[in-house]
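Heads up: the structure comes next, in structure tokens.
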Amino acid sequence: MRERMKNFFRYRFLLGELVKKGIKLKYRRSYLGILWSLLEPLLTTAVLTIVFGTLFGNDDATFPVYILSGRLLYTFFSQGTTGALKSIRANASMIKKVYVPKYLYPLSSVLFNYIIFLISLAVLIVLAMVFRVFPTLYILWTIPCLALLLLLSYGVGMILATIGVFFRDMEYLWNVLLMLVMYTCAIFYYPEKLLKSGYGWILKWNPLYCIIANFRHAVFGEPVHLKMFLYAAAFSIGSLVLGLIVFYRKQDEFILQI
Amino acid sequence: MAKEIIRADHVGMKFNLSKEKVDSLKEYVIKSLKRQLEYNEFWALKDISFTLEKGDRLGILGLNGAGKSTLLKVIAGVFKPTEGKVYKKGKIAPLLELGAGFDMQYTGAENIYLYGAVLGYSKKFIDEKFDEIVAFSELNKFIDVPLKNYSSGMKSRLGFSIATVVAPEILILDEVLSVGDAKFRKKSEGKIMSMFDKGVTVLFVSHSLEQVCRLCNKAVILDHGKIKAFGAIEEVADVYRKMLE
């Protein structure tokens, strides 16, 4: 264990470099650069508001804030886990040539997406001000929600990364599953109708929905739903533990597969 | 009593050479149902044991496919051996594949930090040595150019300069270092020789017996993954000559 900690500190500079590389290269050669991480969610929110607000007749004044808060969290989850899933294969040439602790690859790809995500939260703040959703003391609950989101994404990412090495199909399968996750996250609709029908469990069993719902409660100044929060916490920690176990069990075989 | 730097203890490395690569779920299910999942087991290394002391320079000889590069990679830590263990002390400079981890979109300067980090250097260390690396690689003019615009010679010059800026305890060399043009090759050989003089422990793979005799004091012959001879260079060289006849 102490050996492991020592190793972690030795390679934290590399972790930093890999995270930096992800952020730098994502927007390199685009004119607006990092601004895209603000612009992109804003534009998609505009589209979603037009489609699901105006066209579907949802005229709630704060609807854009509602959409954006859900979409930002989902987008991070989707990009972070997909990045982690591909991270081992993407770095195959490096893994085959030098020794680097392998968990650094999924970790760095989740972290760099997380940093971009945190930057893009600025858009949410501005949009909330514009639509007069002002912070209350409940806003502090966003912090544990965001922490859970990171744990969940890294845990799921580790599991996916391990499976992805052995079965390339996982990349395609995960795309489909992500779509399912997206529709059961209540990003661009209000969940009440669904929750009151017999199918409410679809949402409640989705840990990402639980995180998003609580994050929204915090943003809109409502108390969190403690049961959902605890479920999401248990799920996140569970997936993290499982992810670490499968990853460490299988990591020495990676090099033989890629 | 000389200090023991590397000890390989019954190291074995097994590969599964499946005839077709099974990496899709469908194939895996079908083949395992049909019990067609056969693996061609292949031991690239088997029962390799030896020790090296500080300052030893080991030449690794053998024909193609004898397991030389695999052995180097096991010692460098890239492969984890299927059996046995490698004990090693001190910093390793693996001059195996220069520039592993280079990013083509990054500039030369950015790559110095990235590759340095891959090799386990600290930020402070790279800050201190940055100018030295650039000077040695002779790439001053191109250091802010993306790597994809470099020639392959320039890339390996940069890789070599970064990898050799440390004073390692163990140096791993694969084949003759043919880095860059004749002028740079001379310079890089000089750099490696100066490391030799500092008493670094060396593992050196080569097909040229003459080169191994010149550089090494010990040698090992690998044959189909097993040690055929190990010992002082003169004795092993005789065995190797006979083997080639």
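Overview of results
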{"item": "Condition check for B:D223: surrounded by fewer than 17 Cβ atoms within 10 Å (Cβ to Cβ), more than 15 Å from B:L96 (Cα to Cα), assigned by TED's automatic domain parsing to the domain that holds B:T51 and free of Cβ contacts under 8 Å to residues at least 12 places away in the same chain", "result": "no"}
{"item": "Members of the range B:118-128 that are under 23 Å from the mean Cα position of the chain (by Cα) and surrounded by fewer than 20 Cβ atoms within 10 Å (Cβ to Cβ)", "result": "B:G120, B:S122, B:F125"}
{"item": "Any chance A:V176 is under 22 Å from the mean Cα position of the chain (by Cα), farther than 21 Å from A:P64 by Cα and within 14 Å of another protein chain (Cβ to nearest Cβ)", "result": "yes"}
{"item": "Cβ pairs under 7 Å, 6+ apart, first in the range B:99-110 and over 14 Å from B:I133 (Cα atoms) and part of a loop (DSSP other than H, G, I, E, B), second of a type in the set (A, V, I, L, M) and modelled with pLDDT of 90 or more", "result": "B:G101/B:L114; B:F102/B:L147; B:D103/B:L114; B:D103/B:L147; B:M104/B:L147; B:Y106/B:L114; B:Y106/B:L147"}
{"item": "Any chance A:I159 is within 30 Å of B:V78 (Cα to Cα), β-branched (V, I, T), surrounded by 15 or more Cβ atoms within 10 Å (Cβ to Cβ) and at pLDDT below 95", "result": "no"}
{"item": "Search result, residues across the range B:110-154 that are aliphatic (A, V, I, L, M) and in contact with a Leu (Cβ under 7 Å, 6 or more places away or on another chain)", "result": "B:A117, B:V118, B:L139, B:M154"}
{"item": "Qualifying position, being surrounded by fewer than 23 Cβ atoms within 10 Å (Cβ to Cβ), within 24 Å of A:L111 (Cβ to Cβ) and modelled with pLDDT of 95 or more, among A:L177, A:L152", "result": "A:L177"}
{"item": "Qualifying positions in the range A:154-173 - aromatic (F, W, Y) and within 8 Å of chain B (Cβ to nearest Cβ)", "result": "A:F166, A:F167"}
{"item": "Selection count where residues are touching a residue at least 40 places away in the same chain (Cβ under 8 Å), closer than 30 Å to B:D47 by Cβ and over 19 Å from the mean Cα position of the chain (by Cα), scope the range B:179-212", "result": "0"}
{"item": "Residue that is nearest to B:E97 (Cα to Cα), among those in the range A:87-122 that are among the charged types (D, E, K, R) and either free of Cβ contacts under 8 Å to residues at least 40 places away in the same chain or in a helix (DSSP H, G or I) (or both)", "result": "A:K97"}
{"item": "Verdict on A:K227 being basic (K, R), more than 25 Å from A:I95 (Cα to Cα) and over 20 Å from the mean Cα position of the chain (by Cα)", "result": "yes"}
{"item": "Test: B:G67 is more than 18 Å from B:F196 (Cβ to Cβ), more than 13 Å from chain A (Cβ to nearest Cβ) and not hydrophobic (A, V, I, L, M, F, W, C)", "result": "yes"}
{"item": "A:F235 vs. criteria out of contact with any Ser or Thr (no Cβ under 6 Å at 6 or more places or on another chain), among the aromatic types (F, W, Y) and within 14 Å of chain B (Cβ to nearest Cβ)", "result": "no"}
{"item": "Of all residues making up the range A:92-109, the number that are within 20 Å of A:G155 (Cβ to Cβ), of a type outside the set (A, V, I, L, M) and surrounded by fewer than 21 Cβ atoms within 10 Å (Cβ to Cβ)", "result": "2"}
{"item": "Boolean, A:L146 is surrounded by fewer than 20 Cβ atoms within 10 Å (Cβ to Cβ), within 11 Å of the chain's Cα centre (by Cα) and closer than 23 Å to A:L230 by Cβ", "result": "yes"}
{"item": "Selected residue (criterion: nearest to B:M104 (Cα to Cα)) from residues of the range A:23-45 that are surrounded by fewer than 14 Cβ atoms within 10 Å (Cβ to Cβ) and modelled with pLDDT of 90 or more", "result": "A:L39"}
{"item": "Filter pass, B:S152 being polar (S, T, N, Q) and either in contact (Cβ under 8 Å) with a residue 12 or more places away in the chain or touching a Lys or Arg at 6+ places or on another chain (Cβ under 6 Å) (or both)", "result": "no"}
{"item": "Positions within the range A:163-198 being more than 19 Å from A:A84 (Cβ to Cβ) and of a type in the set (F, W, Y), in sequence order", "result": "A:Y183, A:F188, A:Y189, A:Y190"}
{"item": "Residue list for the range B:93-121, filter: at pLDDT 90 or above, touching an Asp or Glu at 6+ places or on another chain (Cβ under 8 Å) and more than 7 Å from chain A (Cβ to nearest Cβ)", "result": "B:T107, B:G108, B:A109, B:E110, B:N111"}
{"item": "Among the candidates A:L107, A:L111, residue that is out of contact with any Phe, Trp or Tyr (no Cβ under 8 Å at 6 or more places or on another chain) and either more than 21 Å from A:Y74 (Cβ to Cβ) or at pLDDT 95 or above (or both)", "result": "A:L111"}
{"item": "Residue among B:K85, B:K80, B:K124, B:K73 that is within 14 Å of chain A (Cβ to nearest Cβ) and in a loop (DSSP other than H, G, I, E, B)", "result": "B:K80"}
{"item": "So B:L215, is it surrounded by 13 or more Cβ atoms within 10 Å (Cβ to Cβ), within 21 Å of B:I92 (Cβ to Cβ), of a type in the set (A, V, I, L, M) and at pLDDT below 85", "result": "yes"}
{"item": "Of the criteria (1) among the small types (G, A, S); (2) at pLDDT below 90; (3) not in a helix (DSSP H, G or I), which one B:S49 fails", "result": "(2)"}
{"item": "Residue match in the range B:136-151 (condition: at pLDDT below 90 and on the phi > 0 side of the Ramachandran plot)", "result": "no"}
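The values are calculated or read from the model by the stated rules, or taken from the named source; none is laboratory data. These numbers were taken from a predicted model, which means no experiment stands behind them. As a convention, Cβ positions derive from the backbone with ideal geometry for all residues, glycine included, and neighbour counts pool all protein chains shown.
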